[in-house]
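Data first, discussion second: the structure below is written as structure tokens.
Every read-out reported here was derived from the displayed coordinates using simple, explicitly stated rules and does not represent laboratory data. Keep in mind the model is a prediction, meaning the values are calculated, not measured. So basically every Cβ, Gly included, is an ideal-geometry build from the backbone, and we count neighbours across all protein chains shown.
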Amino acid sequence: MNLLSAKDTVHVEICLKQNENHLETLENLLEIPVREYIAVVKVPLGESVKINEIIIEGNSALADLKLIESLLIERENKQNGEVLSETDLQNLSLHFYSPLRRVMELETFDIDSGDTGECDAVPASNHWLLPSSSFLHSWENLIYEDGLKEKLLKFALSALIFSQHSVNPHIISCNRLILLHGPPGTGKTSLCKALAQKLAIRVRRTFRHTHLIEINSHSLFSKWFSESGKLVMRLFAKIREIVVDPNNLVCVLIDEVESLAYARDCMSGQEPKDAMRVVNALLTQLDAIKEHPNVLILATSNLADTIDLAFLDRADIKQYIGMPNIVAIKTIYTKMLDEMMRVGIILEQSLKENDNHEGLLSALAERSQGLSGRALRKLPFLAHAVHTTSSDFDLNGKIELSDFLDAMLAALEKHIDDQKQIKV
């Protein structure tokens, strides 16, 4: 088992076009052609790219590459967009996977509503099998400061290595609990899901199946206060049914964990006693489930200062996720504009080679500082809807890049004004 690789390892994630049952057979079939293809084609790091069909056409040695949907190449300490050196080509680690197209399953619990004698269905959790088509390419499209995603991935891999080697927790503490905290809209939940997806791809040789179970915190701490602690215990009992199989890796996501782990020392006498029971139940269940070496807990919070200290103490890493810096903002905008060019809404034009385009993009990024990633990703739609001239349903019309950048700036100013009005 080698979950954590050397720093000079080049990871190549090969996404197959369809869910193949015989993945091992395809690995054997495609390994040599993939290595030959990467040696010939300068594939940029950090970007999911399609196989160049012109190169493989007429080349019988590479013909099987048509089974591949995309390649993603990553190497530590190298920037996205760089290409591999000759030395790098000797250190390839290939990860083949087929994204599962199964829909998310909603787990509900029936609760007696009381007077009517009827039962209400409480949504308890969302369940995905990974790698899922729902999260395809999510990792590379989430933009943060350099090294943040890689740091979280390495922590998760190290935590799994310690647990798989049965390191004595009374000697070395490792709870396999990651807490991401920060302001709303910074992508904490999306990053947790992308991390689980990444692990599913990277650890497939150790764990045959990866499950992502997202706990519905707000529903569990429900209007039925007396039932909330019991609901937490019922949910973790369900999770343990999956965890008992050592071939399963189970990532448990607790979004907005402060809903379930509100600081007990801040509770007033008017707080329902069940609020304290919920915190106690959650902590007890977390302590119980970590006895299984194939569980990773991912938690997010917008209000970390309201989380119970006992929960915070259990978190191995408490990573702050803030607003994107100007470099990240510019990268986010560039990716969004590239996507709109790809689908044909904007005319394909270079951002870097045109000084006017580059200047407009830089001005837009500068003005956008302080906005969340969620707010930034809404701007292309708002710009198109409000600030472009056409009111026709014209699927063939394309907008000049400079015009669209002007429209984005107008949409940004409107968004900033709207936010000021809300705060007044």
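What the table below lists for this structure:
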| quantity | calculated |
| --- | --- |
| Extension gain from D64 to F393, taking 0.36 nm per residue of separation minus the Cα-Cα distance | 114.3 nm |
| Selection from I32, V43, I14, by position along the positive dipole direction of segment 10-97 (Cβ) | V43 |
| Which of Y320, Y333, Y97 has the fewest Cβ neighbours within 10 Å, and the rest in rising order | Y320, Y97, Y333 |
| Fully extended contour minus Cα-Cα distance, from A385 to K7, at 0.36 nm per residue | 131.5 nm |
| Cα lying deepest toward the dipole's positive end in the chain, options M267, L179, T189, charges on Cβ | M267 |
| Along each principal axis, Cα extent of segment 326-423, largest first, Å | 40, 31, 20 |
| Estimated dipole of segment 10-97 in Debye, rounded to 20 [Cβ of Lys and Arg +1, of Asp and Glu -1, Cα centre] | 160 |
| Stretchable slack from D418 to C266, in nm (0.36 nm times residue separation minus alpha-carbon distance) | 51.3 nm |
| FRET E, pair R35, E348, Förster distance 41 Å, beta-carbon r, rounded to 0.05 | 0.80 |
| Inter-part distance where segment 337-391 and segment 132-186 are each reduced to a Cα centre, Å | 31 |
| Alpha-carbon centroids, segment 11-78 and segment 289-327: separation in whole Å | 35 |
| Label zone at D313, where the point sits 7 Å out along the Cα-to-Cβ direction: segment 275-289 residues whose backbone N lies under 11 Å | none |
| Where the Cα pairs of segment 28-115 fall when distances are cut into 5 Å bins, in % | 2, 11, 20, 19, 14, 8, 5, 4, 3, 3, 3, 3, 2, 1, 0 |
| Cα-based equivalent ellipsoid of the chain: semi-axis lengths in Å, sorted from largest, via gyration tensor | 38, 31, 20 |
| Computed magnitude of the charge dipole of the chain (debye, nearest 20; Cβ of K, R +1, Cβ of D, E -1) | 800 |
| Long-range tail of P(r) for segment 250-315 (Cα pairs > 19 Å, %) | 30 |
| Under the span-like rule (Cα at least 27 Å along the axis, Kyte-Doolittle mean at least 0.0), DSSP H helices of the chain | 225-243 |
| Segment 325-365: C-alpha gyration tensor shape, a/c 1.5 cut-off, then a/b vs b/c | oblate |
| Rh by Kirkwood over Cα pairs, then Stokes-Einstein D for segment 105-320 at 1.567 mPa s and 4 °C, µm²/s | 72 |
| Beta bridge orientation in the chain: antiparallel %, DSSP, nearest 5 | 45 |
| Pair E27, I326: separation of 7 Å Cα→Cβ label points (nm) | 4.6 |
| Farthest positive-ward along the chain dipole, Cα basis, beta-carbon charges - from L376, H292, Q421 | H292 |
